[in-house]
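K.L.:
Just passing along the structure, written as structure tokens.
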Amino acid sequence: MSTKQTKILKQVLDYAHKSRDEHLFFCPFCKHHKPKLSVNVEKNVFKCWVCDVRGKNNYYLVKRFGSFDQQQEWLQITNEVDIRDFELFISGSHVEHKVKQEIDLPIEYKPLWGTSCLSTQRPINYLKNRGISNSKILEWKIGYCTEGEYKDRIIVPSFDEDGSVNYFVSRTFANDWKKYKNPPVSKDVVFNELLIDWEEPIVLVEGVFDAVHEPNMIPILGSTLDEKTELFQKVASNQPMVYIALDPDARFKESKIIANLLEYDLEVWKIKVPKGKDLGEITKYEYQRLKQNAEKVGLEMFFENITI
């Protein structure tokens, strides 16, 4: 197998020679005049000794610089799964179809738009204090409960691409000790995908109340974003430009998410949220300014924590 993989790498990259267990190529990243890209086929790792680009899967080189036929040949040899088949996910050693999640909103749920009464004053005031307008309440179908399991809580439903409810977030507006109380189902969804235009840039944010303010914002619901999540699969298969705007105290999580996105050739831009703030506290003007000054993230961030 390694011989066939080496043959493909030689076709894709500018091959120089072999040194012990490693093959040396001219680096396509820094284009140094000497062959400084070291590839170990057996260990499935690579590293450039000049620009320090490195990785733990040689298929990345084939995917980035090879032709479609070369990519498919590599996948047949290694039995790897490419992102082109994101309707499936790996579970152990079996390939299974993901089951579409549908749930009901709490039976006590009431809409907060188009009505005004004594019971709506507190939840509406809470939302207004977070900068959420009446038009956003209507667009996101935000409601509330005055009794039941979710008493005195804002309800923000999530609709899948077909318009079915697949999740919801509930947040107290009465200073309950437990701020969030969400349904006992998987949160592995693309929150409010019904409102997402995949042909436009998307913005990944921390929570729902960050995402309400601007179009095409998607909350990651506090989770990581690895390859098996529904959100990652949709992003990787649609290939939009990605902005990421997490809270400043989430740097480690942010770097892991960026690394996963860059591995799939996505264009990633980092919006620097001011320390001590979240997006829900930032004015529309300030957000647009931060977005205009976003920094494009390069491969160096992806590889900085990977060692051979």
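K.L.:
Between residues in region 36-49 that are charged (D, E, K, R) and residues that are buried (at least 18 other Cβ atoms within 10 Å of the Cβ), which pairs lie under 7 Å by C-beta distance while being six or more apart or on different chains?
P.N.:
So the pair list comes out as K36/C27; K36/C48; K47/S38; K47/R54.
K.L.:
Turning to a different aspect of this structure: Suppose we filter region 217-245 for residues that are buried (at least 16 other Cβ atoms within 10 Å of the Cβ), at pLDDT 85 or above and not hydroxyl-bearing (S, T, Y); how many remain?
P.N.:
First, pick out the residues of region 217-245 that are buried (at least 16 other Cβ atoms within 10 Å of the Cβ): 217-221, 225, 229-236, 240, 242-245.
Cutting the leftovers down to at pLDDT 85 or above gives us 217-221, 229-236, 240, 242-245.
Now restrict to residues that are not hydroxyl-bearing (S, T, Y): 217-221, 230-236, 240, 242, 244-245.
Counting residues in region 217-245 that are buried (at least 16 other Cβ atoms within 10 Å of the Cβ), at pLDDT 85 or above and not hydroxyl-bearing (S, T, Y) gives 16.
K.L.:
Next question, about the same structure. Looking only at region 67-114, filter to residues that are closer than 30 Å to G148 by Cα and surrounded by fewer than 10 Cβ atoms within 10 Å (Cβ to Cβ); which one of those is modelled with the lowest pLDDT? Even if it seems obvious, please write down each step before you answer.
P.N.:
Step one: list which residues in region 67-114 are closer than 30 Å to G148 by Cα, which gives 99-114.
From the residues that got through so far, the ones that are surrounded by fewer than 10 Cβ atoms within 10 Å (Cβ to Cβ) too are 99, 104, 114.
Details: V99: 69, D104: 93, G114: 80.
In this case the residue turns out to be V99.
K.L.:
Here's a follow-up. Any idea how many residues of region 251-275 are within 16 Å of E295 (Cβ to Cβ), in contact with a strand residue (DSSP E or B) (Cβ under 9 Å, 6 or more places away or on another chain) and not aliphatic (A, V, I, L, M)?
P.N.:
Residues that pass the stated criteria total 5.
K.L.:
Give region 292-306 a look and list any residue that's in contact with a strand residue (DSSP E or B) (Cβ under 6 Å, 6 or more places away or on another chain) and modelled with pLDDT of 80 or more, or say none. So that I can check it myself, show each step before the final result.
P.N.:
Within region 292-306, the subset in contact with a strand residue (DSSP E or B) (Cβ under 6 Å, 6 or more places away or on another chain) is 294-297, 303, 306.
Selection gives A294, E295, K296, V297.
K.L.:
Right, next: Which numbered condition trips up G55, out of (1) surrounded by 14 or more Cβ atoms within 10 Å (Cβ to Cβ); (2) more than 30 Å from V156 (Cβ to Cβ); (3) modelled with pLDDT of 80 or more; (4) not acidic (D, E)?
P.N.:
It fails just one condition, (3).
K.L.:
Okay, next question. Just checking, how many residues over region 19-34 are part of a loop (DSSP other than H, G, I, E, B) and closer than 19 Å to Q5 by Cα? Before the answer, list the steps.
P.N.:
Filtering region 19-34 down to residues part of a loop (DSSP other than H, G, I, E, B) leaves 20-21, 27-34.
Among the residues that remain, those that are also closer than 19 Å to Q5 by Cα are: 20-21, 27-28.
Total meeting the criteria: 4.
K.L.:
Residue by residue through region 243-293, note down the ones that are among the hydrophobic types (A, V, I, L, M, F, W, C) and under 20 Å from K63 (Cα atoms).
P.N.:
Of the residues in region 243-293, the ones among the hydrophobic types (A, V, I, L, M, F, W, C) are 244-246, 250, 252, 257-259, 261-262, 266, 268-269, 271, 273, 279, 282, 290.
The answer is I257, I258, A259, L261, L262, L266, V268.
K.L.:
A follow-up question, please. Residues I155, I142, I132: which one is out of contact with any Leu (no Cβ under 6 Å at 6 or more places or on another chain) and at pLDDT 95 or above? Even if it seems obvious, please write down each step before you answer.
P.N.:
Numbers: I142 fails: out of contact with any Leu (no Cβ under 6 Å at 6 or more places or on another chain); I132 fails: at pLDDT 95 or above.
One residue alone meets the criteria, I155.
K.L.:
Further question: What pairs can you find where one residue is in region 182-200 and in the same structural domain as L231 (by TED's automatic domain parsing), the other is among the small types (G, A, S) and surrounded by fewer than 13 Cβ atoms within 10 Å (Cβ to Cβ), and their Cβ atoms are less than 6 Å apart, with a gap of 6+ or different chains?
P.N.:
Partner pairs satisfying both residue conditions: L194/G163.
K.L.:
A further question on this structure: Out of all the residues in region 38-50, is one or more at negative phi, assigned to a strand (DSSP E or B) and of a type in the set (D, E)?
P.N.:
Keep residues of region 38-50 that are at negative phi, which gives 38-43, 45-50.
Keeping just the survivors that are assigned to a strand (DSSP E or B) gives 38-40, 45-48.
When the remaining residues are screened for being of a type in the set (D, E), the result is none.
No, the conditions are met nowhere in region 38-50.
K.L.:
Return the residues of region 228-256 that are in contact (Cβ under 8 Å) with a residue 40 or more places away in the chain, farther than 28 Å from G143 by Cα and not in a helix (DSSP H, G or I); say none if nothing qualifies.
P.N.:
Initial filter on region 228-256 (in contact (Cβ under 8 Å) with a residue 40 or more places away in the chain): 228-231, 233-234, 236-238, 240-247, 250, 255.
Now drop any that are not farther than 28 Å from G143 by Cα, which leaves 228, 233, 236-238, 240-243, 250, 255.
Matches in region 228-256: K228, P240, M241, V242, Y243.
K.L.:
Sticking with this one: When the residues of region 107-135 are narrowed to those that are touching a residue at least 60 places away in the same chain (Cβ under 8 Å) and out of contact with any His (no Cβ under 7 Å at 6 or more places or on another chain), which ends up farthest from D162 (Cα to Cα)?
P.N.:
The first filter runs over region 107-135 and keeps only residues touching a residue at least 60 places away in the same chain (Cβ under 8 Å), leaving 130-132.
Next cut, out of contact with any His (no Cβ under 7 Å at 6 or more places or on another chain) only: 130, 132.
Numbers: R130: 29, I132: 25 Å.
Per the criteria, the residue is R130.
K.L.:
Can you pull out every residue in region 16-43 that is surrounded by fewer than 17 Cβ atoms within 10 Å (Cβ to Cβ) and within 21 Å of L75 (Cα to Cα)?
P.N.:
Residues satisfying the conditions are N40, E42, K43.
K.L.:
Which count do you get for residues in region 202-219 that are in contact with a strand residue (DSSP E or B) (Cβ under 6 Å, 6 or more places away or on another chain), within 17 Å of W269 (Cα to Cα) and assigned to a loop (DSSP other than H, G, I, E, B)?
P.N.:
Final tally of qualifying residues: 1.
K.L.:
Whether any residue in region 277-291 is in contact with a strand residue (DSSP E or B) (Cβ under 7 Å, 6 or more places away or on another chain), more than 21 Å from E161 (Cβ to Cβ) and either at pLDDT 75 or above or of a type in the set (A, V, I, L, M) (or both) is what I want to check.
P.N.:
Pass one, region 277-291, residues in contact with a strand residue (DSSP E or B) (Cβ under 7 Å, 6 or more places away or on another chain): 279, 291.
Subset that is more than 21 Å from E161 (Cβ to Cβ): 279, 291.
Still in the running and either at pLDDT 75 or above or of a type in the set (A, V, I, L, M) (or both): 279, 291.
Yes.
The values are calculated or read from the model by the stated rules, or taken from the named source; none is laboratory data. These figures come from a predicted structure and were not determined experimentally. Counting neighbours? That spans all protein chains shown, and the Cβs are built from the backbone with ideal geometry, glycine included.
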